[in-house]
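Here, each number is a calculation from the coordinates, and none is a lab measurement. Values in this document were obtained by computation on a predicted structure and should not be read as measured data. Cβ atoms come from the backbone with ideal geometry, glycine included; neighbour counts cover every protein chain shown.
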Amino acid sequence: MKLLLLVVLVWTASDEASADRNLALEGRATKSSTWIDPDNSLSFLGDAINGIDGNTDSNYYHGSCFHTGQDSPSWYRVDLLRTSKISSVIITNRGDLGSRANGAEIRIGDSLANNGNDNPRCAVVTSIADGETQTYQCNNMVGRYVNIVLAGKTEYLHLCEVQIFGENLAQTFSCHI
């Protein structure tokens, strides 16, 4: 005789916990590559984690932005660590050289195929000014990974904050005893 134990965990202990919140703060970030400063003294300023540190300072040299190399394509990914319902993504652009982000696609899904860049598209950053913060509505798209990708071109990607608002979905675990 086999016994099946089913456990359902729901991360909504209160109304406040189930409300939209910035899920990126609890996530893990990675990117296509790291820009290497010519004298190697400032490369650390562009670390992936800087894009989800909760700091919207748009001055790259203050250490709160990420920066990829000149890739084809350049991309940035936040792993939310569990499938979530995403209502919006808010991006704060770098205060200088920000036009590089124009044309970036925001993609959300559960696949890591092509580094997550093949997931369904939420929005396109058509134009975002230097230092500007813009909100992109994702209408409760579901996924674990949120990517920002400069598809179809070779360019640097650098932003100073990526906020991902939504809620975690319940997870079900089964255990055969």
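What does the charge count near residue 81 come to, summing +1 for each Lys or Arg and -1 for each Asp or Glu among other residues with Cβ under 9 Å from its Cβ?
On the way: positive: 28, 82, 144; negative: 26, 79.
Combined, the nearby Lys, Arg, Asp and Glu give +1.
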* To do: Search the structure for amide H atoms under 5 Å from the amide H of residue 96, placed 1.01 Å from N in the peptide plane, and list their residues when 5 or more places away or on another chain.
  => 60, 131
* Asked: Tell me, how many Å apart are the Cα centres for region 26-75 and for region 126-152?
  -> 17
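Starting from 0.36 nm per residue, how many nanometres of slack lie between residue 111 and residue 70 once their C-alpha separation is accounted for? Each step should come with its number before you reach the end.
Working: separation 41, 0.36 × 41 = 14.76 nm, distance 2.42 nm.
Residue separation times 0.36 nm, minus the Cα-Cα distance, leaves 12.3 nm.
Given the Cα-Cα distance of residue 134 and residue 42 and 0.36 nm per residue of separation, how much length would full extension add, in nm? Don't skip to the end; give the middle numbers.
Details: separation 92, 0.36 × 92 = 33.12 nm, distance 2.70 nm.
Extra length available between residue 134 and residue 42 comes to 30.4 nm.
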* Structure fact -> Residues of region 29-68 with backbone N under 20 Å of the label point set 7 Å from the Cα of residue 154 along Cα→Cβ are 32-38, 67-68
* Asked: If Lys and Arg each add +1 and Asp and Glu each add -1, what is the summed charge of the other residues whose beta carbon sits under 10 Å from the beta carbon of residue 131?
  -> -3
* **Amide H contacts under 5 Å for residue 141, placed H, 5+ residues apart** => 86
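For region 49-151, what does the alpha-carbon gyration tensor say about shape, rounded, prolate or oblate, given a ≥ b ≥ c as the root eigenvalues, a/c under 1.5 as rounded, and a/b over b/c as prolate? Mind showing how you got there, number by number?
Values: a/c = 1.59, a/b = 1.48, b/c = 1.07.
Prolate.
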* **Hz values of 3J(HN,Hα) by residue in region 154-170 - Karplus curve (6.51, -1.76, 1.60), Gly and Pro given as x** => 9, 6, 6, 10, 8, 9, 10, 6, 10, 9, 10, 9, x, 9, 6, 8, 4
